[in-house]
1. Normalising by the residue count of the chain, find the relative contact order in percent from Cα pairs under 8 Å and 6+ residues apart.
2. Given the range 453-498, report the % of alpha carbon pairs whose separation exceeds 15 Å.
3. How much accessible area per residue does the chain have, counting only protein heavy atoms and a probe of 1.4 Å, in square angstrom?
4. Can you tell me the equivalent ellipsoid semi-axes for the range 57-97? Use √(5λ) from the Cα gyration tensor, largest first, whole Å.
5. Where does the range 402-441 land on Rg/Rh, using Cα atoms and the Kirkwood Rh?
6. What whole-number distance in Å separates the alpha-carbon centres of the range 1-77 and the range 170-188?
7. If you average the C-alpha positions of the range 223-273 and of the range 368-445 separately, how far apart do those two centres end up, in angstrom?
8. Under the definition of Cα pairs under 8 Å and six or more residues apart, what whole-number percent is the relative contact order of the range 94-180?
Amino acid sequence: MARGSGMAKDGLIDGGFTHAASGIRYQLFLRDGQAWMRYERTVPGTGPPLRGEQLLSYYVGSGHRGRTYLFERDGWWFEAPVNYYSKKQLWDMAPNYGSARSMPDTLPVDSNCLHCHAGQVQSALPEARNKYADMPFKAGGVTCTACHGDASQHLAQKGRGPIVNPAKLAPASRDSVCLQCHLEGDAAIYRAGESLAAYRPGEDLARFVVYFVNASRAEGGGRATSQYEALLRSACKRASGDKLTCTTCHDPHGSPTAAERVSFYRSKCLACHTGEKMATEHHPEQQDCAVCHMPTRETTDVSHEQLTDHDIERVPGKARVERISESRKLVAVGAMSTGDRELGLAYAQFAVRGDQQSGEKALALLKKAESEGANDAELHVRLGFLEQVSGRPDEAQREYQAALAENPYESAALANLAVLDASRGKTEAAISLLGRVVAADPSQTAAGLNLAFLQCKLGDKAKALETIERAQRFNPDDPALHEFLDLGKYAGQSCRLR
């Protein structure tokens, strides 16, 4: 954990690869003591010419599973679109981008994501989630404070002062120390006004965020950072209850060597599964309990990665039956309490992906939460979207305006209000709203395209060209940007820029 991030030049893994789907060659290298990423389309017929270099500032990832890099562009921070995968010792695209036919849009660096890889993570400025007053974090790696809280008194009194000892906390607070980074779920919903940055060891994580999983089908614990979901289903956890926690088997301060690994974890199993027969007669030829009861599986969310399945199987090799259901049923992980707002926002995440049934559930839940006093920007934005796709533009407009009253930088509210204004012929108002979006975050490509098209339609082609070229600085290989710039085509309409 202490090696989870640092200066890019100190943690650079030299190498490169050609991504077949996009035809782009990526190369990472050191030059004059600094880390760089070069990208160039080298396969003819896969896209327009592309060539550039990017200075890399930080690495993220200890290298145990993988590593990627962060960079800054004009004050905004982004993640490189490539990852090094340690188990297979190869470079490839970042998760979810393996089949991308162009270089992915710049990936914003969110402080909630950095929370699990770095120390002294800074809060983003209000106008954009990936813009910081200075550097995004001030300490490389996960520091002691992530698990033990403020250590100032402990250090001042030479180890005798107070400090959080997770082992002495109530079960929910104890488990929260690990789960702040080792729980993902199908949807993560922050409580109104909260974030991971506000969490402190000793508190209950459920005060800040609620995680949901789909109970309509039996999951296999296949996400790289969600072993806890699988553990909750295991016979070991069900039998042991709060007695069994992450640190029952894992030492957060270190891992056994390769030579010690089998005996180390076997001793953890035998601490509960006692008896002479278990220790001496239960498959004495196979000392590694995990081979049968916690098999290694491919992850469902990270390419080239495997994990130890914590859905501890009593019968080795027993097939797990997946219950098929057309209806998504979301439930909170563990004993986390939830309300209509949190559950509605979780369903809304799937509605955005086109799940109509989830949209109907989200709309009902969020309207109920709103009627009972819930009033935050995220709730209003999601309600606005659901009203908009349901064909109720007036209700959507009211929700977006309510969101902006809570957060004047809320980009989705600004952009969607602009779409409503443009559809009603209020072009100048739409341009003003979209201008606010791209001024706060020029990497918002869709907003930049909409703005440039409206500027072009009003006859201000010079301004439209400036808008497109700025958007291309952040997303130089975006196909829609290329088509508009080269052919004047966008969203089925036409307006020549040149």
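The values are calculated or read from the model by the stated rules, or taken from the named source; none is laboratory data. Model, not experiment: these values are computed from the prediction. Cβ atoms come from the backbone with ideal geometry, glycine included; neighbour counts cover every protein chain shown. Heavy atoms of the whole protein, side chains included, go into the accessibility calculation; ligands, DNA and RNA do not. Shrake-Rupley method; radii C 1.70, N 1.55, O 1.52, S 1.80 Å.
1. On the way: 862 pairs, mean separation 50.2, N = 498.
Rounded, it is 10 percent for the chain.
2. In whole percent, the long-distance tail amounts to 34.
3. Details: 25140 Å² over 498 residues.
The answer is 50 Å² per residue.
4. Taking √(5λ) for each Cα gyration eigenvalue gives 21, 11, 6 Å.
5. On the way: Rg = 9.5 Å, Rh = 9.9 Å.
Dividing the radius of gyration by the Kirkwood radius yields 0.96.
6. Each part reduced to its Cα centre gives a spacing of 31 Å.
7. 46
8. Over the range 94-180, the number comes to 18 percent.
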